[in-house]
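Below is one structure; the comments refer to it alone.
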């Protein structure tokens with residue numbers, strides 16, 4: 001084993017919000033679900049939730065399950081057959097998670113996403129709001145790429161990067177990639193017996209990126225290169241990321257008991273990283289607030305329509321806008337939940353009046369405090 005940089009390791013017991021990525025090769029064996037493994041993982045998830053940790057699972061497996069049902073074999077599939085296999089497998093995958101979590105009193109939810117959903121700011125905010133609400137309700141979201149509709153142009157292509165994007169989206173502080181290797185090595189350990197495993201990587205240097213070879217196998221599409229790409233996304237968003245061998249029963253418990261793993265350390269706290277990202281955006285408009293709203297923002301509150309006195313610029317839902325006080329001094333920047341026209345219509349109104357003004361229900365806050373950098 002080896003280390004690079006600071007050797008302080010994150011502790012799963014201390015995770016506030018945890019994302020766990022599960023690959024097809026761990027979950028499915030020759031077209032059949034590894035039910036005993038999944039039941040054991042559910043025990044890990046239940047214990048994490050009992051500690052007060054929010055848990056999101058990013059799970060592959062729909063195509064692998066579906067092709068087994070449809071008898072499509074293990075060879076590469078054309079797009080239409082992959083989408084058909086996903087449609088058949090996805091319902092079985094969701095049911096499997098529901099079945100193993102229910103005995104622990106845990107409700108599971110299915111969330112299907114594509115790269116387009118995170119690339120489009122409005123869809124990004126909608127998916128973030130949905131995941132946040134599910135977590136507040138104590139639900140464990142099961143996230144997968146929407147292979148039924150995804151094409152090459154809108155695909156992540158691997159769930160490593162999807163998991164990292166989800167971790168950043170929900171402000172997770174820890175992400176665990178359950179893999180077929182027990183960490184990040186200086187070379188592919190299957191080919192080079194002298195390869196060294198790193199316990200901790202404090203910075204993703206060009207040297208580290210150069211070590212990433214293709215460690216994918218079987219039904220898994222993600223190799224070590226995609227895991228390093230995932231790590232770059234995660235750590236920049238304030239989320240520490242681990243790679244560990246996942247085929248053992250209860251792999252999260254095994255990690256806490258000292259099983260080998262590599263931790264990529266986060267650059268910042270998730271909230272700090274998110275606010276820095278928002279602050280760096282180019283604003284597309286301005287929203288002026290009254291003195292009462294300015295004071296409320298300073299106390300960490302969201303911006304409600306009632307406190308808005310003026311709206312300028314051309315912006316859509318999810319676009320960044322500057323927030324100005326009554327004297328025109330910039331207080332900060334935020335991602336608006338309404339278009340410029342909608343914001344103009346509801347300014348000065350109470351949140352309960354939004355539906356009457358717009359003709360359809362809307363969110364109570366014009367800019368939520370989590371989407372604001374002051």
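The values are calculated or read from the model by the stated rules, or taken from the named source; none is laboratory data. This structure is a prediction, so every number in the text was calculated from the model and none was measured. No Cβ is skipped: glycine too gets one built from the backbone with ideal geometry, and neighbour counts run over all protein chains shown.
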Return yes or no: is residue 365 surrounded by 15 or more Cβ atoms within 10 Å (Cβ to Cβ) and either at pLDDT below 95 or assigned to a loop (DSSP other than H, G, I, E, B) (or both)?
yes
Being in contact with a helix residue (DSSP H, G or I) (Cβ under 9 Å, 6 or more places away or on another chain), modelled with pLDDT under 90 and under 21 Å from residue 27 (Cβ atoms) narrows it down to one of 215, 242, so name that one.
215
May I ask you to verify whether residue 20 is crowded, with 23+ Cβ neighbours inside 10 Å and modelled with pLDDT of 95 or more?
yes
Checking residue 349 against (1) surrounded by fewer than 16 Cβ atoms within 10 Å (Cβ to Cβ); (2) modelled with pLDDT of 95 or more; (3) part of a loop (DSSP other than H, G, I, E, B), only one condition comes out false. Which one?
(1)
Does residue 288 meet the test of being within 28 Å of the chain's Cα centre (by Cα), assigned to a strand (DSSP E or B), touching a residue at least 24 places away in the same chain (Cβ under 8 Å) and crowded, with 21+ Cβ neighbours inside 10 Å?
no
Looking at residue 333, is it more than 24 Å from residue 232 (Cα to Cα), surrounded by 15 or more Cβ atoms within 10 Å (Cβ to Cβ) and in contact (Cβ under 8 Å) with a residue 60 or more places away in the chain?
no
The condition of being part of a helix (DSSP H, G or I), at pLDDT 95 or above and farther than 30 Å from residue 172 by Cα holds, among 341, 310, only for 341
Does the stretch 99-107 contain any residue that is under 25 Å from residue 165 (Cα atoms) and crowded, with 16+ Cβ neighbours inside 10 Å?
yes
If residue 328 meets every condition in (1) in a loop (DSSP other than H, G, I, E, B); (2) in contact with a strand residue (DSSP E or B) (Cβ under 8 Å, 6 or more places away or on another chain); (3) within 17 Å of residue 279 (Cα to Cα) apart from one, which number is that one?
(3)
